[in-house]
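A short write-up of the structure that comes next.
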Amino acid sequence: MALIRLGFGRQHFCLLKRRSFLMLKLAALVFAVVLFCEFLIYYLVIFRCDWPEVKTPASDSGQKTLKAMFLADTHLLGEVRGHWLDKLRREWQMERAFQTALRLLQPEVVFILGDIFDEGKWSSSQAWADDVERFQKIFRHPRHVQLKVVAGNHDIGFHYQMNAYKIKRFEKVFSPERLFSWKGINFVMVNSVALEGDGCHICSEAEAELIEISRKLNCSRKGMLALPGELISPQQERRSGPCPDPQLLPASAPVLLQHFPLYRRSDANCSGEDAAPLEERGIPFKERYDVLSQEASQQLLWWLRPRLILSGHTHSACEVLHGAEVPEISVPSFSWRNRNNPSFIMGSMTPTEYALAKCYLPYEDTVLATYCVAAGLLVVLILVHSELLPSPFLFGWNLLRKFKTT
């Protein structure tokens, strides 16, 4: 009887040992997969990105280079349309991507090109405060890194939804700054939602701000409002006056940053893996909804004479030329909610030159596929342990033995 009890005890101990070993293997697998999918994959993917090199003329070799990151359409979900699981997944993805990019790439300034929030156009005061708090957590950054934001239609509403309260609420958090200069480079940040051209009070104020910025930029370039023979708008002529100190701004053509793209008929000429789907590229854009109107677009080009334009809104990548020499880059969405393959733009800039490169984030379907494969392995391990499925190692050994004997 004692021997039977001893044998039973040993058998029970072996069973517990096997179960503990199984639980250890399962826990190790789950930990490794979560660590890879939620942390390491961001480092592995973003580590491949590098700042582009600016080709500066020998005469400008002393110019300092500014490292700028441009991203768009984060669309932090609100209390109305935001399911808690969707919020958790998408916001964690953006937080890990942004924090990893800051650590690995160390930009000096980050620009977000509108639609920071998804429900800013209708959110209550409390919901707005909650959204802002989440934004500040996700996009936290060191003091030496500057974060600049322009407004999008989801932040303050389209023209027919926009009002002074929403704009002031937005600018209280993100600053009303329209002109930002650093290392001799001028950035003009436009509230493109207000460029409706219908004479509304907010629209008139936005146009007046841009005309004043235009005057300062032109004065810094040549010490006068316009060059001989240069085409300027009637508004500029009426508001012209003696130039202030020409050294007020760097004598550099600005980089124009806004949410809505300048007018283009469609995305038909856009290409690349993160462009709009083929079936959508030929769909005509609606002025003042998908893109700025032709009139507003022409005014911006007249007033500011930018050397580069970056915009968001479409959630897809595109590169177009306005006139003969002004490129516009549409920056894709930064969130998995809008794209399977989000990305951001890296810019190396001097007062006279710039170079851009795109940095892709992990694909959402890659992460989901990894989780699916891991779940399959978990099921196999459990079935093998339960002896409902032969061990793959034993199966392979038997197969090899049969092959040797034949």
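Give the cross-link partners of Lys286 among the aspartates and glutamates, using a straight C-alpha distance below 17 Å as the criterion and excluding same-chain residues fewer than 8 apart.
Glu196, Asp198, Asp267, Glu295
For the stretch 14-142, what is the number of Lys pairs with C-alpha distance below 22 angstrom, counting only pairs 8 or more positions apart or on separate chains?
Count of close lysine pairs: 6.
Could you pull out every residue, at least 5 positions away or on a different chain, whose amide H is within less than 5 Å of the one on Asn186? Hs are placed 1.01 Å off N in the peptide plane, and Pro or chain starts have none.
Distant-sequence amide H within range of Asn186: Val255.
Just the Cα atoms of the stretch 241-333: what Rg and Dmax do they give in Å?
15.0, 53
Under the rule a/c < 1.5 gives rounded, and otherwise a/b versus b/c splits prolate from oblate, where does the stretch 326-390 land using the Cα gyration tensor?
Judged from the Cα gyration tensor, the stretch 326-390 comes out prolate (a/c at least 1.5, a/b above b/c).
Carbon-plus-sulfur fraction of the accessible area of the stretch 257-348, 1.4 Å probe, in percent? Write out the running numbers ahead of the final one.
Details: 1680 of 3610 Å².
Its accessible area is 47 percent carbon and sulfur atoms.
Arranged from highest to lowest average of other beta-carbon atoms within 10 Å per residue, in what order do the peptides 328-340, 103-115 appear?
Highest to lowest by the protection proxy: 328-340, 103-115.
For the stretch 133-229, restrict the atom set to alpha-carbon positions and state the Rg and Dmax in Å.
Radius of gyration, then largest Cα-Cα span, for the stretch 133-229: 15.9, 51 Å.
Using every alpha carbon pair in the stretch 310-364, what percent of pairs falls into each 10 Å bin from 0 up to the bin containing the largest distance?
Once binned at 10 Å, the Cα pair distances of the stretch 310-364 give 22, 48, 24, 5.
The values are calculated or read from the model by the stated rules, or taken from the named source; none is laboratory data. In this text the structure is predicted, and so the values were computed from the model without any measurement. Reconstructed Cβ throughout: ideal geometry from the backbone, glycine too, with neighbour counts over all protein chains shown. Remember, those area values only see protein heavy atoms, side chains included, never the ligands or the DNA or RNA. Shrake-Rupley method; radii C 1.70, N 1.55, O 1.52, S 1.80 Å.
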